[in-house]
Amino acid sequence: MKILDFGAVVEFVPGNEVLLHISEISWDRIDKVTDQVNLGDKFDVKYFGIDPKTKKQKVSRKALLPRPERKN
């Protein structure tokens with residue numbers, strides 16, 4: 001894994017790395033990637049396939065986390 005300002009490069013299958021964007025790490029807004037994940041952490045991500053706009057693979061950690069209730 002490699003930590004960047006805007007996300008983390010994660011290995012989601014052996015030998016295949018992809019960017020986990022900061023917006024896909026948690027349902028909460030986070031300012032620093034290392035507030036949620038650090039080098040060496042192991043966690044599951046959901047694979048969404050190839051993004052038609054960017055032509056890049058898309059994964060999400062937050063898609064596997066319970067969605068918080070909306071506050072009025």
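Only the coordinates and a few stated rules stand behind these numbers; no lab work does. Here the structure is a predicted model, which is why all the values come from computation and not from measurement. As a convention, Cβ positions derive from the backbone with ideal geometry for all residues, glycine included, and neighbour counts pool all protein chains shown.
Here the extension length gained between Leu4 and Asn38 equals 11.2 nm, from 0.36 nm per residue of separation less the Cα-Cα distance. Annotation: aspartates and glutamates with alpha-carbon distance below 16 angstrom to Lys56 (same-chain offsets under eight excluded): Glu11, Glu17, Glu24.
Let me know the shape class of the stretch 14-61, please: from the alpha-carbon gyration tensor, a ≥ b ≥ c as square roots of the eigenvalues, rounded when a/c is under 1.5, otherwise prolate if a/b is greater than b/c, or oblate. In terms of gyration-tensor shape, oblate.
Only Lys, Arg, Asp and Glu carry charge here, each on its Cβ (+1 for the first two, -1 for the last two); on that basis the chain has a dipole of about 320 debye about its Cα centre. For the residue pairs Lys2/Lys62; Lys46/Lys71; Lys2/Lys32; Lys42/Lys71, the alpha carbons lie more than 22 Å apart in Lys46/Lys71; Lys42/Lys71.
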